[in-house]
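The values are calculated or read from the model by the stated rules, or taken from the named source; none is laboratory data. Keep in mind that this is a model prediction, so the values were computed, not measured. Counting neighbours? That spans all protein chains shown, and the Cβs are built from the backbone with ideal geometry, glycine included. Remember, those area values only see protein heavy atoms, side chains included, never the ligands or the DNA or RNA. Shrake-Rupley method; radii C 1.70, N 1.55, O 1.52, S 1.80 Å.
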Amino acid sequence: MTTTAPTVPSDEPLLPRLRLLEVTVAPDALEALLDRVGVGDAYGVVDGPIGPTWVAHNDHGVAFTFLTDDEHEFTARHRDRLPRRLRRAPVPDEIASAIAASDGSELTVDLRHVAPFQRDVLEATRSVRPGQTRSYGWVAEQFGRPAAVRAVGTALARNPIPLIIPCHRIVRGDGDVGSYLFGTDRKRRLLEIEAA
């Protein structure tokens, strides 16, 4: 079966002729396409172990998480870190369950926007299971940069997906919990929950 384009007399203005070629795309289809090619993220909120956790995800995996009661704070922080469109959508059950359990080790993550060094730090950190802690020095040794302890701390402070990549399980070499994006009290609380 052959389809032919509508014919319009060539003396018609160009714009009306082009309108005959317009294709209407459903908004849902457009948003899904943006997610698929990695220029858009769907987002929603789930109950996390220490409070509401906002999650941005796309077809490449979980891209950004943030703990806050304020949706606008989440969207502003996402915009600062990832120059991608956001659309509100339900968070898939597997992501919500992983966050509630504080174990995202089986989830696909989207780290396309992080530098290679930070990716190495995050991948090493991801191997630390609930109930365990490791030092910043241990993380640095995992990818052959034992002198990069401070740089490991800096990379973890910019972790785009805390709880999925458990930077709260990385502590100082002397056993002190060290700092955490959401404060040392929340870090201690997460470690206590996981130890139980």
- prompt: L111 accessible area, nearest 10 Å², 1.4 Å probe?
  reply: 10
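Ignoring ligands, DNA and RNA, please state the percent of accessible area on segment 92-168 from carbon and sulfur, probe 1.4 Å.
Values: 1710 of 3570 Å².
C and S fraction of accessible area: 48 percent.
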- prompt: Which distance in nm do the two modelled labels at R88 and S179 give, with both placed 7 Å along the Cα-to-Cβ direction?
  reply: 3.4
- prompt: Taking every DSSP beta bridge that has both residues in segment 52-192, what percent is antiparallel when rounded to the nearest 5?
  reply: 60
